[in-house]
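A short write-up of the structure that comes next.
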Amino acid sequence: MPLVKHVRRLNQIRRAIPALQKGQYSTEGVTGQMAYKRRFTQGAVDSFVLVSVSGGATFTGIPNDTYVDAVTGDSKAVTGGTLTITGGGKGNMRAYVLSLPGNPAPGKVGTAGPYLR
């Protein structure tokens, strides 16, 4: 049953962040074992997410502003174009979403479980 809840929450997070659904994938300016960034822009939608799985990562050359993690709700202010995500543990994930006027980050999505916490 925990695996079903895990997959359900992953799907909730994906649906809440347009960049995870249709965004352009890139690892440019990304250091970390399993880390990437995605951006999707179309019409009034501008969605940008930084993802790290099973460990930490550093993202450079990113827009300055506030990023909010869809897994924990943690918020980080970026002022120098760099965001560092500390490791969340094996099997865990962090998805920091750029919060813009008109395109706010969704905040924490779903309920923490044994894998995504």
Filtered residues of region 1-21 (kept if assigned to a helix (DSSP H, G or I) and over 14 Å from the mean Cα position of the chain (by Cα)): PRO2, LEU3, VAL4, LYS5, HIS6, VAL7, ARG8
Lone qualifier among ARG15, ARG9 - being free of Cβ contacts under 8 Å to residues at least 12 places away in the same chain and within 21 Å of ARG117 (Cα to Cα): ARG15
Candidate set: region 22-38, residues that are of a type in the set (D, E, K, R) and not in a strand (DSSP E or B); chosen: the one surrounded by the most Cβ atoms within 10 Å (Cβ to Cβ): LYS22
Wholly within region 39-105, strands (runs of 3 or more DSSP E) carrying at least 2 residues that are in contact with a strand residue (DSSP E or B) (Cβ under 7 Å, 6 or more places away or on another chain), surrounded by 15 or more Cβ atoms within 10 Å (Cβ to Cβ) and modelled with pLDDT of 95 or more: 45-53, 57-60, 65-69, 93-99
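The values are calculated or read from the model by the stated rules, or taken from the named source; none is laboratory data. Only a predicted model underlies this, so the values are computations on that prediction, with no experimental measurement involved. Don't worry about glycine lacking a Cβ; one is built from the backbone with ideal geometry, like all the others, and counts go over all protein chains shown.
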